[in-house]
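Visitor: Here it is, the structure, as structure tokens.
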Amino acid sequence: MNEVVKYHNNMNLVNFNHFTEIEFNIFFAVCQQMRDKNLSEIELSFEKIKELIDYKSTSRERFISDIKKTYKKLLVSTMPIENEEEYIEFVLFTEYKINKTKDTVLIQTNKKFEYILNAVTSNFTRFELEQFVSLSKTNSKTIYRMLKQFRMTGFLTIDYPEFLDLIGIANWGKANINKEFKRIVKDLTPFFKNLVVEKVKKGGKQTGAILKLNWTFDPDDKYIGWKNIKVKELEKFYIFLCANFNAGSQNYDNFVKKVG
């Protein structure tokens with residue numbers, strides 16, 4: 001299995017911390033199947049979903065129960081979108097139907113949600129479903145998705161209170177929070193080369209309150225920043241732009257400053 005999940009970054013605003021690991025897997029398996037198909041609904045067989053999420057239980061009743069629990073939560077899960085002029089919040093899915101004779105589930109999405117999964121060319125999160133499924137804890141899955149949003153830069157900074165709220169542990173004791181934090185980092189290390197997490201503390205003091213977390217890791221090999229491009233390669237690209245897109249209106253030095 002080498003299925004890729006891809007969606008607009010706005011979906012990272014949805015709070016999924018009330019989902020179990022299985023429910024999380026089912027949801028993103030459906031997202032993967034709907035990707036770039038411009039569908040408002042999709043019908044999937046039980047076997048297809050089980051295959052995608054490496055579902056272990058052989059109990060049909062248990063699987064149907066997991067489907068029901070997943071979509072009951074999705075029917076009340078909302079996505080917030082806010083700009084200077086307005087605030088919008090809408091449900092992701094509007095209906096689901098389980099066919100017990102055919103062993104299928106029909107899922108309908110909100111029309112407003114379609115842009116999240118279709119023809120996304122910028123501001124998107126991308127990851128392998130197999131990696132996501134292999135993580136056994138919901139909190140690790142959540143931070144995995146967040147880091148994948150920054151796969152091109154290899155850097156994520158997040159306010160510490162926001163981090164605690166994101167994974168639903170703000171009310172935990174300090175010892176349990178530290179234990180959970182270490183487990184998450186351990187879970188994610190195999191998937192993010194040279195993963196390092198810096199705790200930025202108040203006043204820069206070792207004993208100060210944690211203000212934010214800086215996560216750094218090697219960017220995906222396929223994404224190379226402008227600053228890593230060799231001079232000769234940049235010159236060739238500049239010549240190409242001049243020949244094809246009238247980039248010659250600016251001199252080479254200015255061009256380098258803009259892309260560097």
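The values are calculated or read from the model by the stated rules, or taken from the named source; none is laboratory data. The structure displayed is predicted, hence computed values, not measured ones. Cβ coordinates were reconstructed from backbone atoms using ideal geometry, including for glycine residues, and neighbour counts include every protein chain displayed.
Visitor: Please pick out the residue among T125, T142, T189, T153 that is outside any loop (DSSP other than H, G, I, E, B), touching a residue at least 24 places away in the same chain (Cβ under 8 Å) and not assigned by TED's automatic domain parsing to the domain that holds H18.
Guide: Numbers: T125 fails: not assigned by TED's automatic domain parsing to the domain that holds H18; T189 fails: touching a residue at least 24 places away in the same chain (Cβ under 8 Å); T153 fails: outside any loop (DSSP other than H, G, I, E, B).
Within the list T125, T142, T189, T153, the selection yields T142.
Visitor: Could I ask something else about it? Would you confirm whether any residue within the range 121-144 is among the acidic types (D, E), within 15 Å of the chain's Cα centre (by Cα) and modelled with pLDDT of 90 or more?
Guide: Initial filter on the range 121-144 (among the acidic types (D, E)): 128, 130.
Within this subset, residues satisfying the condition of being within 15 Å of the chain's Cα centre (by Cα) are 128, 130.
When the remaining residues are screened for being modelled with pLDDT of 90 or more, the result is 128, 130.
Yes, that holds for at least one residue.
Visitor: Based on this model, can you work out whether K148 counts as under 26 Å from L75 (Cα atoms) and under 19 Å from the mean Cα position of the chain (by Cα)?
Guide: Working: under 26 Å from L75 (Cα atoms): yes; under 19 Å from the mean Cα position of the chain (by Cα): yes.
In short, yes.
Visitor: Name the residues in the range 66-102 that are modelled with pLDDT of 90 or more, surrounded by 13 or more Cβ atoms within 10 Å (Cβ to Cβ) and closer than 14 Å to I42 by Cα, would you?
Guide: Y71, Y96, I98
Visitor: Could you say which residue among P161, P80 is assigned to a strand (DSSP E or B) and either out of contact with any strand residue (DSSP E or B) (no Cβ under 7 Å at 6 or more places or on another chain) or touching a residue at least 40 places away in the same chain (Cβ under 8 Å) (or both)? Walk me through it before giving the result.
Guide: On the way: P161 fails: assigned to a strand (DSSP E or B).
Among P161, P80, only P80 is assigned to a strand (DSSP E or B) and either out of contact with any strand residue (DSSP E or B) (no Cβ under 7 Å at 6 or more places or on another chain) or touching a residue at least 40 places away in the same chain (Cβ under 8 Å) (or both).
Visitor: Return the residue satisfying two criteria in turn: it lies in the range 128-143 and is surrounded by 21 or more Cβ atoms within 10 Å (Cβ to Cβ) and of a type outside the set (A, V, I, L, M), and of such residues it is nearest to L166 (Cα to Cα). If you could, list the steps in order and put the result at the bottom.
Guide: Step one: of the range 128-143, the residues surrounded by 21 or more Cβ atoms within 10 Å (Cβ to Cβ) are 129, 132-133, 135, 140-143.
From what's left, of a type outside the set (A, V, I, L, M): 132, 140-142.
On the way: F132: 17, S140: 11, K141: 11, T142: 8 Å.
Per the criteria, the residue is T142.
Visitor: Also: When only residues in the range 60-109 that are over 20 Å from L39 (Cβ atoms) and aromatic (F, W, Y) count, which is farthest from the chain's Cα centre (by Cα)?
Guide: Step by step, filter the range 60-109, then rank; the result is F63.
Visitor: Looking at I49, I98, I67, can you tell me which residue is in contact with a Leu (Cβ under 9 Å, 6 or more places away or on another chain), at negative phi and either in contact (Cβ under 8 Å) with a residue 24 or more places away in the chain or acidic (D, E) (or both)? Step through it out loud before you land on a result.
Guide: Working: I49 fails: in contact with a Leu (Cβ under 9 Å, 6 or more places away or on another chain); I67 fails: in contact with a Leu (Cβ under 9 Å, 6 or more places away or on another chain).
Every option except I98 fails the conditions.
Visitor: State yes or no: is N171 of a type in the set (S, T, N, Q) and outside any helix (DSSP H, G or I)?
Guide: Numbers: of a type in the set (S, T, N, Q): yes; outside any helix (DSSP H, G or I): yes.
Yes: the conditions hold for N171.
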